[in-house]
1. Residue under question is Glu211, and the condition is that it be without any contact (Cβ under 8 Å) to a residue 40 or more places away in the chain and outside any strand (DSSP E or B); does it hold?
2. Report, by residue number, each residue of region 302-343 that is more than 40 Å from the chain's Cα centre (by Cα) and surrounded by 15 or more Cβ atoms within 10 Å (Cβ to Cβ).
3. Need a quick list: strands (runs of 3 or more DSSP E) entirely within region 246-343 having at least 1 residues that are closer than 22 Å to Phe205 by Cβ and touching a residue at least 24 places away in the same chain (Cβ under 8 Å).
4. Could you check region 122-139 and list, in sequence order, the residues that are over 16 Å from Tyr210 (Cβ atoms), out of contact with any Leu (no Cβ under 9 Å at 6 or more places or on another chain) and not in a strand (DSSP E or B)?
5. Residues in region 165-181: is at least one aromatic (Phe, Trp, Tyr), assigned to a strand (DSSP E or B) and either touching a His at 6+ places or on another chain (Cβ under 6 Å) or closer than 24 Å to Glu288 by Cα (or both)?
6. Can you tell me which residue within region 140-187, out of those that are among the charged types (D, E, K, R) and surrounded by fewer than 14 Cβ atoms within 10 Å (Cβ to Cβ), is nearest to Glu211 (Cα to Cα)?
Amino acid sequence: MLYWVYALLKVYTYHMIDKDLINKFYKGECTEAEVKQVLSWFNEQQEGEKHIEDLWDSLTPIDIPHEHDASKTLTAIRQRVGIKKHHTTYHILRRQWFRVAAILILAFVLPLLIVKNEPPPTAYTVVQYVTKENPAGRKSTLQLPDGSVVNLNAESRITYPESFHDTIRKVSLVGEAFFEVAENKDKPFIVSSAGVDTQALGTSFNVKAYEEDEHVQVVLASGKVKVKQSQEKSSEEVFLSPGEELRVEKQTYIMSRQPADLYQTLAWKDNILVFNQAPAEQVFATLERWYGVTIVFPEKMRDDSWWFTGEYKNENLENVLLSMSYIKDFNYQINQESVLITP
């Protein structure tokens, strides 16, 4: 066992290895290349028992679980790194050296070099993430690992861990989604979108944060949510009540609260298109996302005087454009995945 103490001493004392690398190795944060570098030093021998105490004083000891068998641990480590048993007899061994050696092995090596058939310690478990993405023209409903239900709008993407092991349930959103959050007071639910965090316990709310939008929109349907910046650049927090809407400007993070139109905001979940004095850019951008097409329209329709109000449920693109063209007096031509609007 002293072989490992001496090997580590060589890394630390003789080769003057960077202490930050030792700390990374201790924490299990080394890259594969760094692990190989340290292990190559472990394969070398160097006398230096007089430095053991200095090394021991410089390290932070850890508790060794009783269930660990030191001899099996050492055997497993040797098998993993291809080192033969060292047969040299050391007459200066004392009980404290065995303690030092066992702690050094567990602290620096065990987190990375456990037996292949055994699962890694919980602290070193790699979190696996799932990403669900809808292209234009498609919506979907999915259930998160905690039982929360998400309605994901077209051209939207959500990323979440395979399981919520942390003290929070955090997901990332680009686009728009409606969340029905499973209540768990011990694990707050957080939606992170464009630098804005929306936190809830047991709540239903809508978040809209498309990349091209100038603001993030949060509308609360039930329960209560807290909205703040993700990066803690501001201490401002806003709590919403049901029926309220909060808009957060992406550039300035200025927040503005107002009453929400829940029907209009949530109608998309039920395949209902609702326009309420919407400008041409908003109308055609919504149709592009809804039906998966590209729409080209005249520049003059971007004028502030052009707006549209209407509602369509489960209608195809042809019927929607036909209705709109009668009301707003324009012509259209559908060519597969593109639409041309003309005066």
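1. Criteria met by Glu211.
2. Trp306, Met324, Lys328, Phe330, Tyr332, Ile341, listed by residue number.
3. Details: elements: 255-259, 272-279, 294-296, 307-313, 331-335, 338-342.
Hits in region 246-343: 255-259, 272-279.
4. Thr122, Ala123, Thr125, Val126, Val127, Gln128
5. Yes, region 165-181 contains a residue that is aromatic (Phe, Trp, Tyr), assigned to a strand (DSSP E or B) and either touching a His at 6+ places or on another chain (Cβ under 6 Å) or closer than 24 Å to Glu288 by Cα (or both).
6. Per the criteria, the residue is Glu162.
Quick note: the coordinates plus some simple rules give every number you see, no bench work behind them. Note that the coordinates shown come from a computational prediction; the quantities given were computed from them, not determined experimentally. No Cβ is skipped: glycine too gets one built from the backbone with ideal geometry, and neighbour counts run over all protein chains shown.
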